[in-house]
1. Any residue at all in region B:232-252 that is under 27 Å from the mean Cα position of the chain (by Cα) and surrounded by 15 or more Cβ atoms within 10 Å (Cβ to Cβ)?
2. B:PRO34 versus (1) more than 9 Å from chain A (Cβ to nearest Cβ); (2) in contact with a Leu (Cβ under 7 Å, 6 or more places away or on another chain); (3) at pLDDT below 95: which is the lone unmet condition?
3. Any idea which of (1) assigned by TED's automatic domain parsing to the domain that holds B:LEU255; (2) of a type outside the set (Ser, Thr, Tyr); (3) touching a Gly at 6+ places or on another chain (Cβ under 8 Å) is the one B:LEU106 doesn't satisfy?
4. Specify the residue that is surrounded by the most Cβ atoms within 10 Å (Cβ to Cβ); the eligible residues are those in region A:49-67 that are aliphatic (A, V, I, L, M) and under 29 Å from B:ILE354 (Cβ atoms).
5. If you check every pair at least six apart or on different chains, which have Cβ atoms under 7 Å apart with a residue in region B:95-110 that is among the β-branched types (Val, Ile, Thr) first and a residue that is in a loop (DSSP other than H, G, I, E, B) second?
6. Please find, among B:VAL275, B:VAL349, B:VAL368, B:VAL301, the residue that is under 30 Å from B:GLN162 (Cβ atoms), of a type outside the set (Phe, Trp, Tyr) and modelled with pLDDT under 90.
7. Among the residues of region A:76-84, is any crowded, with 18+ Cβ neighbours inside 10 Å and closer than 27 Å to A:GLY195 by Cα?
8. In region B:37-88, what residues are at the interface with chain A (Cβ under 8 Å from one of its Cβ atoms), of a type in the set (A, V, I, L, M, F, W, C) and farther than 24 Å from B:ARG11 by Cα?
Amino acid sequence: MSSFVWMKVLESTPERYDRGIAMLSGGRIAQVYGRIAAIAAAPGRRVLDIGCGTGAVSFACAERGALVTGIDINAEMLEVARAKPVPEGGTIAFLQLAAAEIEDRFEKTSLDAVVSCLAFSEMSEEEQDYALEIARRRLVPGGVIVIADEAAPATPLGRLLHRLRRLPVVLATYLLTQTSTRPVTGLAGRMRAAGFVDVSQERMLSDAFVIVRGTRP
Amino acid sequence: MKLSDLPGYLRDTAFRLLPHRARTGLFPIGDPGPDAPVLVTGNFTLTVRRLREALAGQAAWVLVVNSKGYNVWCAAGGGHLTHHDVISAMRVTHLADKVRRREVILPQLAATGVERRAISAATGFATRWGPARLEDLPAFLGRGSRVFNAERFMRFPAWERQEMAAIWYVPALIVLAPAIWLMLGPAAALAAAFALVSMVAALFAMLPRFNPVGPRRLPILLGFGLAGALAGWGLLAAMGDAMPWTLVVVGATNLIGTGLLFMDLAGTTPWYPSVINTGANPATITLDEARCDGSGDCVMVCPRQVLKMNGSRRKVEIRDPGQCIQCGACIVQCPRDALLFHYADGSTVEAPTIRNTRLNMLGKRREVRR
């Protein structure tokens, strides 16, 4: 609370963020965006993208004809997202909101799908639970939730090896783009606890990413 | 400080450049009833530990907000601690169900990122700024949550300056010392470490005596670098290891140290604006007096005594623009958008831009559509 340390290190521009995520995923992150959209988006479906950043997942969903709202608390990221052309068939609106503020803007059962990529790992566990709970209430029965995030191996030894293997990429990415990500754990269990059913998960990008999906009963 | 806190304290102090996340949530201090004050803070481990220590013997609630493991000031400046995060924490912890008092006390240094009115609109809670420094909290609470003027300004006492010095030399030595040890042995590594630590520690000790953002900062830094190198060379001689290569390496270590500090010594102090952010295009805080309605919201958050209220005219005045560290807190908080930055190149940056970009993005703060 008493220092003004190196704020510039903490400031990441949206362009650097996009580049950083691309580096961390070895350029394959678009596959994850496409997979999320394939599960959640279809013509006319109302999709909410939590922590949309510069809008990559929102645009992937809109390309499939979905009516997308992207929310993020970072105004600069949203500014970049808004400048991108909207794909034909879909619509996109961007709002500056945190996940816990969804209830202020969305009625109950007003969404067909909730998606989120690389945002839940930035939340505390309590925030994750709260976001899942209010997302469930905003979904229609049968609506889906799809959350993608960096994954860590299940065993402590596996996690250590994973970290060591990733260390050079993480360091280089941080130095060049001031971007980093953290793995998320226990998401499937949280989803079930929040009242979702048919919860399943799949791994992508050589196990580095996990996509967890569930359905509102 | 308890002995068991020492490892955490050393880690957080030496590696302050990296985030260290504490648990978020609502925590009781002492035995707070539903009417006890609610103090908001960020989830940097060092902050939370110090807050608990400062509040020993008090009865209060502490709401630890997810500031991504950064300290309040940096997180607010970097866009990692905003009103969205505070609102989120209030809802996630069901604060409204747990306390009767409909007010939260915000850390003053969060003012660059946290907009008070947004919190009240979303939660119905009133907000109030606490003091800039947490050691003033007991006195603040003792007088019914009222801040004295002097508690708004950033002090930077000798011990804290040494804590900041450590964030420079510890990471540098982690890289340099093992390499020197491998090349020239332990005595050279020890002497190089001694040279660098003496230089940085002396620099921070004497910080109140010179201006690290002025045009003479390079010769000043070189002077400290040379003095530190002399100390290192002296140690080498005392250990009987003063060979040409060891002397060169000790000197080179301090030259590297001088270069690092030249990049942005000022940005690691609460007294000066970061030179990386402003560079050759410094900004000056200015007031559009016609817009000012005398609310004084800006005066309440300035950590540098730049602004003052002219009570008889009901207008704010810029008392000492030279003291401004360009944190932008006053601009963010002004309800009438009356404050702005004027840059040396003639451009201006107004409140909507600061509210979106917070600090200056390595000098690349962009205009936003209004």
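1. no
2. Condition (2) is where B:PRO34 drops out.
3. Going through (1) assigned by TED's automatic domain parsing to the domain that holds B:LEU255; (2) of a type outside the set (Ser, Thr, Tyr); (3) touching a Gly at 6+ places or on another chain (Cβ under 8 Å) one by one, B:LEU106 breaks only (1).
4. Within region A:49-67, the first condition is being aliphatic (A, V, I, L, M), and the residues that meet it are A:50, A:56-57, A:60, A:62, A:66-67.
Filter once more, so that each one left must be under 29 Å from B:ILE354 (Cβ atoms): A:50, A:56-57.
On the way: A:ILE50: 24, A:ALA56: 25, A:VAL57: 30.
Top of the filtered list is A:VAL57.
5. The qualifying pairs are B:VAL99/B:PRO34; B:VAL104/B:PHE125; B:ILE105/B:PRO37; B:ILE105/B:GLY130; B:ILE105/B:SER145.
6. B:VAL275
7. Taking region A:76-84 and keeping what is crowded, with 18+ Cβ neighbours inside 10 Å, we get A:76-81.
Next cut, closer than 27 Å to A:GLY195 by Cα only: none.
No, every residue in region A:76-84 fails to be crowded, with 18+ Cβ neighbours inside 10 Å and closer than 27 Å to A:GLY195 by Cα.
8. Of region B:37-88, the ones at the interface with chain A (Cβ under 8 Å from one of its Cβ atoms) are B:41-44, B:47, B:50-51, B:66, B:68, B:70-75, B:77-80, B:82, B:84-85, B:87-88.
Then drop every residue that is not of a type in the set (A, V, I, L, M, F, W, C), which leaves B:44, B:51, B:72-75, B:87.
Correct list: B:ILE87 only.
The values are calculated or read from the model by the stated rules, or taken from the named source; none is laboratory data. Quick caveat, the model's predicted, so the values are computed rather than measured. Methodologically, a virtual Cβ is constructed for each residue, glycine included, from the backbone with ideal geometry; neighbour enumeration extends over all protein chains shown.
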